[in-house]
Every structure is written in structure tokens, then in C-alpha cells.
Amino acid sequence: MANKSEAAKTVPTPVKGFDPSAYKSVRKVTKSFLRLEVDVDRFVRIDGEIYEGKKLSKKEGKDAMEPAHICDITDLTTGEIAQLMLPSVLLSVLNEEYPEHSYVGRAFKITKRAKKEGRRYFPVDVEEIEI
């Protein structure tokens with residue numbers, strides 16, 4: 001068996017018969033986040049139940065933040081599989097209107113609105129849509 005220094009000197013060779021232009025994906029392991037922007041309509045299908053993200057540790061001079069609520073989605077405009085960090089208003093709407101995670105598999109038009117003066121949150125318009 002070659003030692004580490006000998007192994008580092010060997011030149012890698014492509015795997016015979018592998019064609020990178022014809023690969024078949026099994027599962028997307030990493031996903032980007034879809035960002036909700038003010039007055040921009042987003043068309044998504046919710047692909048999984050809402051779950052809590054990682055707990056954020058306390059930073060110097062600041063309290064620890066609550067973990068974000070996240071769900072896996074498909075952006076219907078691009079077909080991209082992504083994650084959506086749910087603002088508290090959207091989380092409440094989905095949990096109240098779709099008990100027992102019945103939002104999974106449904107499609108929505110979601111529009112984040114501008115903050116109203118004196119409020120701490122962004123209002124969100126949510127419409128269930130057919131696809």
C-alpha cells in the first residue's frame with residue numbers, strides 16, 4: 001500500500017465510462033434559500049412540513065435568537081428546489097389555515113408587504129393557487 005506522500009503524487013484519472021453531461025441526480029443535498037422581498041410575488045409549492053432551524057448561540061451583548069422556521073419548497077417560476085424561512089405572520093397563517101400540515105403539496109402565491117408604521121412585522125398576503 002502506498003504511503004500518504006506517494007498517494008499525493010499520483011495523478012487522478014477520470015472514472016471510465018462516466019459522462020458528467022448525462023448524470024442522474026439522486027437527491028439535492030444542499031438547498032438555497034428563497035428570499036421574500038417586499039411587493040414581489042413568489043409562487044411556490046410547499047414540499048415538506050415546517051421545521052425549526054438550528055438554534056443560534058448567544059452573541060456578546062445580544063440575546064440568543066429563536067431558531068427560524070423553515071420549509072422545503074419548489075419555486076414554481078424557476079423549478080428550483082429551495083428552502084423558505086417563514087416570517088412569523090406566514091407561519092401563523094399556514095398553521096391556522098392548514099391544520100396537521102395540510103399545506104404540504106399545495107401551491108401558493110406569497111407576497112411580503114411593507115411594514116406599517118409602528119409595527120414590528122411585515123404583513124404577508126397568501127393565496128392558495130392551482131398548478
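Some points to look at:
- Tallying residues that are at positive phi and either surrounded by 11 or more Cβ atoms within 10 Å (Cβ to Cβ) or out of contact with any strand residue (DSSP E or B) (no Cβ under 8 Å at 6 or more places or on another chain) (or both) within segment 91-131 yields 3.
- In segment 6-40, residue modelled with the lowest pLDDT [restricted to those that are under 13 Å from residue 81 (Cα atoms), in contact with a strand residue (DSSP E or B) (Cβ under 8 Å, 6 or more places away or on another chain) and not aliphatic (A, V, I, L, M)]: 28
The values are calculated or read from the model by the stated rules, or taken from the named source; none is laboratory data. Because the structure is predicted, anything quoted here is derived from the model rather than measured. Heads up, the Cβs are rebuilt from the backbone with ideal geometry, glycines too, and the neighbour counts pull from every protein chain shown.
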